[in-house]
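A short write-up of the structure that comes next.
The values are calculated or read from the model by the stated rules, or taken from the named source; none is laboratory data. Owing to the predicted nature of the structure, the values given are computational and were not obtained by experimental measurement. So basically every Cβ, Gly included, is an ideal-geometry build from the backbone, and we count neighbours across all protein chains shown.
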């Protein structure tokens, strides 16, 4: 019996590497510390009531961002491990199989479990506030989306300690990801981790489209909407057209691995190239999905900190919509080297280049928003200014890659690696950081220390260029991606060394950010934002107290222009003491609110169980999970008591505490 | 004030790094040091497109620095401040226009070069091309010279100034065949024989690699490439024919098993080995009489949608 | 776009208050959201159709469509599903007239027709498996089972959902919430019918011809 248990455990748990044991121990200790702490401070009930079952978009947004930071930590550790392995020729710090797992998890985590939740977090906290809505269209679904993402992310990360991590690259090209070459459970963790969270992403896409189209404040026509919701709309349109393809494609790969189907296998008539096409039909829009909201954030910030209207509003809107559409017509540029023929390659090279046009227009518009403005350099603006040169040069290498015959030389080399980190870190990560710093006071009611923030910014920037500029050179030297080591005679050492130093600087930059947040929490009382408008903002979110009350707006705003809050402030200034608000004119009335629900977290737990069962072929887990899922859905369907009204007195007293609606 | 200081500080940090990078750039840049016509044209294409992009990018970078500097908020600044200026048809027309012009020029260049440098297009040469059949195995490369009847592992010898017609397949996960100094890469896929023409203009030693991840020891898939005079090449072929062992079917089966290998040479290989390697994966997609759609596709290769479908069938037939 | 607005103000007890407040109409938004969901489902089916079209010739030496499919049974299932779409439409008409009893009967009839369709599909699949044509036989069959099976799975989910709606109707009556629920399930059901038309054409008709 004991022997049986032992042999099961050695298969079930990941063993053999001291690094992994170390991680196991630290994960275990952290978990114990959390449980003990929560119990000691009697916080379980609070956690359940206020957070785990909440349908408040602001809290859900905060949970998304928190998860994204955790995942950024894990993905970042993966990155540092890789850079350490590559610091010198013929290093044997990581075994090849371990290295292969690490680059796979790094990619998956950074895109799907860091960038996506960070983005959804920002959607959640800001879109309703910016469009003057009290919540998203479907609060219950929103909570479900978050918990599905969380269940998927946890399932994926579980492969670190149980069963073994996937090792087929972040897009898991078959035939390498098929049973024939990859019989372990890692690839199944990959499929189900992404599948579960991907369904959550799809629902978020639907949710925000409806929110933006149907829930804008009275008077806010589409063309009066701030640029961030516009970017969210374009991103969500791309989500609803691309994520179904991902869902279907992963389902097919799953059937290959689980049910012996032959979609992408080498035998039985399967066609691996079909997978590569399908996955990039999702994968390419995906990178635009994450970068478009960053464009929106930069537009907001550049206008606020230049104290000037956004230049070329309409151009910006059209540019984003064009990008959103074009992103679906370029997927084959990821495999010019597949030998599809000159016609196909020429077509996809052209569509790819076209994207440079609207993107370039956006850069000019940002520049001319600053032109004749009054620029100040708070941290959100620093990230924005850091982004422009970074993205312009990254875009340049992108155009180079789109020249199909030249791509034959760039493809799969470090040139490509440098390019996409260049645009994704320089565009997406810088953008989300800018957004987080910008909206932090609105979210938590206090400001962060600018000085530490500037240290973090400079470490990120210098580290970034040190890390990735040498990788362009390495690509031109012929170094290909995913190699675990290289020989001395290739002459790649110096560049790799510089690159690793840069990565370490970015690691330090992350620590600065953690310190900044800890420092901010500790000194939050001193740095409280009592005005609700710490940056002299322009849009509706700055017209309400910080942090926003749970019902967001005591009365719905009446919007008559772009930058309504800025206009309102101008009107009040000109009107002097007797000026009347044109923005908030109504009387306080009871507010209709959704009730919290435990069903989303339970449903996601069921998905987790079912996914785990699929990974290990434990049918009873699958049955339990799916039955649980069905029961939860029916329970929710039969419950018609899902909302309540906040009485006027409660709103009045809550508003009075921030000095509003006192009469 | 603070920002200027910070920029100066950054410049001080970055300057030596840039110098260091520039120094490192001069040697070892295989892609920028072509030894054959294909790689040379691809290098030129990279340079032309870089210069074209720089026409926009450099002014934008300068403009960014200028605007951020001039319009920073400080006491008593003289620069104009126009908080409501938000639209100018002329300006916007300019920056829709300029990228459109640049991209149009680049597009023309790209389309032309895409046809000119289509990998399966034979090179113009007085010499008859030499065929080398390339198979990606876990984790080594097998090269077969059907005209000479010899085979090698992880070692490629070619005569200079002679176009080489590579036929590339895989008996492993998908790989990518790449010799940076001779020209761009081509995927090695099971069930298909992809064609890639390359040529070396001078005698010398180069290297090639597997550029697409194939598993544990993927990083060991480098191979040596040596281009020699025609006479030396023939001499080498003769030596291999005389002195090396033969590659048997059994030997190939051993070779397919996952392992890393040193260089090997074989005086002969089983007849039709390459074709068999290709068709063992392609055969499953037979039954073309059921596929009117795909039949059409083979004729006109323009369509993108079902491209991959026609592929498998196409190359399989080509080798039956 | 389907709208949930109804002429009877009495039924809007819960919602009328909101509309005074300039709120967006919750039930209308839900219907709109469901339309978008249906569109994403179209894309999932579209991907499976694409996979089927690419792979249908890859029979790996096994049986092809012409040898496997028997059109007679398929035509019967097609009629069952079309009929269920019709009864589902009658259910919505009954609802708009405020006839709860008729609504429930028509919905129940729809569910029964749907269940019969599923029964026939299961029979067909068992028959095929007995002939040795399984998921693992060839790429063609993998794509066939996945495409047709996904449609079947959708119908099954629709059946459970429809039973849940009937039960809720019994206890809650025709409220605005229930109206929206009936509207959505009927949308879903018609959608599945349209998908089936494509399955019938692409898989079966083009398969045997």
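Give the number of residues within the stretch A:353-386 that are more than 9 Å from chain B (Cβ to nearest Cβ), part of a helix (DSSP H, G or I) and more than 21 Å from residue A:326 (Cβ to Cβ). The total comes to 6. Select from the stretch B:241-265 the residues that are over 27 Å from the mean Cα position of the chain (by Cα) and within 19 Å of residue B:168 (Cβ to Cβ) and write down the one among them that is surrounded by the most Cβ atoms within 10 Å (Cβ to Cβ). By that ranking, first place goes to B:247.
Note on the stretch B:197-274: enclosed strands (runs of 3 or more DSSP E) holding 2 or more residues that are in contact (Cβ under 8 Å) with a residue 24 or more places away in the chain and within 14 Å of chain A (Cβ to nearest Cβ) are B:204-210, B:223-228. Looking only at the stretch B:26-39, residues that are surrounded by fewer than 18 Cβ atoms within 10 Å (Cβ to Cβ) and at pLDDT 95 or above come to 0 in all. Of the candidates A:440, A:458, the single residue that is at pLDDT 95 or above and in contact with a strand residue (DSSP E or B) (Cβ under 9 Å, 6 or more places away or on another chain) is A:440. Quick check on the stretch B:108-124: of everything there that is surrounded by 16 or more Cβ atoms within 10 Å (Cβ to Cβ) and assigned to a loop (DSSP other than H, G, I, E, B), which residue is farthest from the other protein chains (Cβ to nearest Cβ)? Filtering first and then ranking leaves B:123. The set of residues in the stretch C:47-69 being free of Cβ contacts under 8 Å to residues at least 60 places away in the same chain and out of contact with any helix residue (DSSP H, G or I) (no Cβ under 6 Å at 6 or more places or on another chain) consists of C:50, C:67.
For the structure I just gave you, tell me whether residue A:202 is part of a helix (DSSP H, G or I) and either at the interface with another protein chain (Cβ under 10 Å from one of its Cβ atoms) or more than 20 Å from the chain's Cα centre (by Cα) (or both). So residue A:202 passes the test.
For the stretch A:253-276, a residue qualifies if it is within 7 Å of another protein chain (Cβ to nearest Cβ) and buried (at least 24 other Cβ atoms within 10 Å of the Cβ), and the qualifying residues are A:261, A:262, A:263, A:266, A:268, A:269, A:270, A:271, A:272, A:273, A:274. Residues of the stretch B:140-161 that are surrounded by 23 or more Cβ atoms within 10 Å (Cβ to Cβ), more than 19 Å from residue B:242 (Cβ to Cβ) and touching a helix residue (DSSP H, G or I) at 6+ places or on another chain (Cβ under 9 Å): B:140, B:142, B:158.
With the structure loaded, tell me whether residue B:203 is assigned by TED's automatic domain parsing to the domain that holds residue B:157, crowded, with 24+ Cβ neighbours inside 10 Å and under 23 Å from the mean Cα position of the chain (by Cα) or whether it fails that test. Against the criterion (assigned by TED's automatic domain parsing to the domain that holds residue B:157, crowded, with 24+ Cβ neighbours inside 10 Å and under 23 Å from the mean Cα position of the chain (by Cα)), residue B:203 does not qualify. Is at least one residue of the stretch A:582-599 at pLDDT 95 or above, assigned to a helix (DSSP H, G or I) and in contact with a helix residue (DSSP H, G or I) (Cβ under 8 Å, 6 or more places away or on another chain)? Yes, the stretch A:582-599 contains a residue that is at pLDDT 95 or above, assigned to a helix (DSSP H, G or I) and in contact with a helix residue (DSSP H, G or I) (Cβ under 8 Å, 6 or more places away or on another chain).
Going through (1) crowded, with 17+ Cβ neighbours inside 10 Å; (2) at pLDDT below 50; (3) within 23 Å of residue A:265 (Cβ to Cβ); (4) within 14 Å of chain C (Cβ to nearest Cβ) one by one, residue B:282 falls short only on (2). Here the condition is being more than 30 Å from residue A:262 (Cβ to Cβ) and within 16 Å of the chain's Cα centre (by Cα); of A:150, A:160, A:138, it holds for A:150 alone. Please go through the stretch A:277-287 and pick out each residue that is away from every other protein chain (no Cβ under 12 Å) and in contact (Cβ under 8 Å) with a residue 60 or more places away in the chain. Listed by number, the residues that qualify are A:283, A:286, A:287. Number of residues in the stretch A:340-352 that are surrounded by 24 or more Cβ atoms within 10 Å (Cβ to Cβ) and at the interface with chain B (Cβ under 7 Å from one of its Cβ atoms) equals 2. For the stretch A:475-496, a residue qualifies if it is at the interface with chain B (Cβ under 10 Å from one of its Cβ atoms) and not in a loop (DSSP other than H, G, I, E, B), and the qualifying residues are A:475, A:476, A:480, A:489, A:490, A:493, A:494, A:495.
Residue A:70 fulfils the conditions (1) more than 11 Å from the chain's Cα centre (by Cα); (2) within 21 Å of residue A:502 (Cα to Cα) except for a single criterion, (2). The single condition among (1) at pLDDT 95 or above; (2) facing another protein chain (nearest Cβ under 10 Å); (3) buried (at least 20 other Cβ atoms within 10 Å of the Cβ) that residue C:167 does not meet is (3). Would the stretch A:173-190 turn up any residue that is without any contact (Cβ under 8 Å) to a residue 24 or more places away in the chain and either part of a helix (DSSP H, G or I) or under 25 Å from residue A:626 (Cβ atoms) (or both)? The answer is yes, given that some residue of the stretch A:173-190 is without any contact (Cβ under 8 Å) to a residue 24 or more places away in the chain and either part of a helix (DSSP H, G or I) or under 25 Å from residue A:626 (Cβ atoms) (or both). A single entry from B:82, B:104, B:64, B:50 fulfils the requirement of being within 7 Å of chain A (Cβ to nearest Cβ) and either outside any helix (DSSP H, G or I) or loosely packed, with under 15 Cβ neighbours inside 10 Å (or both): B:82. Consider the stretch C:130-154 and keep the residues that are part of a helix (DSSP H, G or I) and away from every other protein chain (no Cβ under 12 Å). The one that is surrounded by the fewest Cβ atoms within 10 Å (Cβ to Cβ) is C:130. So is residue C:72 out of contact with any helix residue (DSSP H, G or I) (no Cβ under 9 Å at 6 or more places or on another chain) and more than 7 Å from every other protein chain (Cβ to nearest Cβ) or not? Answer is yes for this residue.
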